[in-house]
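Computed from the coordinates by the stated procedures, all read-outs in this text should not be read as laboratory data. Quantities reported herein were computed from a predicted structural model and do not represent experimental measurements. Neighbour counts are summed over all protein chains in view; Cβ atoms, including those assigned to glycine, are modelled from backbone coordinates with ideal geometry.
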Amino acid sequence: MTRFRLSAALLAALLAACGPAKPAEPSAGGPSAGCMSRAYPNIGGPISLVNQDGEQVTEATYKGHPTLIYFGFTYCPDVCPMTLVTVKRAYDRLPEGVSPPQTLLISIDPERDTPEQLAQYVSTNAFPDNLQGLTGTPEDVRAAADAFLADYSRIEQPGSQSEYSMDHTSLLYLMDEDWKLKTFFTHEDTDEMIATCLTEMLE
């Protein structure tokens, strides 16, 4: 069973950001003030992966417009699909004139998540229309996750038909046009809160 957990590295980054030498300061008030104070410069970095069409992509592919990134996998029984459904609902709440960010699912299970598997998964009607799936070699996937301080590990399930599952950090990372972190969302953030925050940040 996949479950939410913050990596130790991410916790350290958040604690360091709240230290007296460099306090985190919200850039706006109101109900989304919390998400406005989550832009940590040490979260986010380069990627070199393959999309669901088999095309090589890097962070440069997505520069020029906001991008929402999620690390998950297609065999995830609950957390991943529910997170993507929440994103879809948040996008549906955006007011006219506010375009949703490009949405990426970076698979942390490259052994099973081939481009073909991802192509089928991201076309699910309950997920965002602009969802793209990315995969790659185990080394490239790990490098991408490390750049975002996203933790994951394989959990063997000998008695299960799937043989194993993946335990992973469940965060949504919003990158700006220059591939710099603007904020992140946790499993506790509702679609309404995400929509409110995206509206303030993307208008």
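Points worth noting:
- With neighbours defined as other Cβ atoms within 10 Å of a residue's Cβ, the residues D176, D78 order from fewest to most as D78, D176.
- Cβ-to-Cβ counts within 10 Å put M166, M175, M82 in ascending order as M82, M166, M175, the fewest first.
- Neighbour net charge for V85 - beta-carbon separation under 12 angstrom, K R +1, D E -1: -1
- Extension gain, R112 to N42, is 22.2 nm, computed as 0.36 nm per intervening residue step minus the present C-alpha separation.
- The equivalent ellipsoid that matches the C-alpha gyration tensor of the stretch 46-202 spans semi-axes of 25, 18, 14 angstrom, in descending order.
- Compared with the direct C-alpha span, the chain from T199 to E156 gains 11.4 nm at full extension, assuming 0.36 nm per residue.
- Residues K180, K88 in ascending order of nearby Cβ atoms (within 10 Å, fewest first): K180, K88.
- Euclidean distance between Cα centres, the stretch 40-81 to the stretch 138-195, Å: 9 Å
- With a simple spin-label model that places each label point 7 Å from the Cα along the Cα-to-Cβ direction, the separation between A143 and E188 comes to 3.5 nm.
- Averaging the sequence gap over all C-alpha pairs within less than 8 Å and six or more residues apart, then dividing by the number of residues, gives the stretch 46-202 a relative contact order of 33 percent.
- The DSSP beta bridges internal to the stretch 46-202 are antiparallel in roughly 65% of cases.
- Label-to-label distance, D129 versus K180, with points set 7 angstrom from Cα along the beta-carbon direction: 3.1 nm.
- Model label sites at D167 and R89, defined 7 Å from Cα along the beta-carbon direction, differ in position by 2.8 nm.
- Charge dipole (Cα centre; +1 on Lys/Arg Cβ, -1 on Asp/Glu Cβ; no other charges) of the stretch 46-202 amounts to roughly 160 debye.
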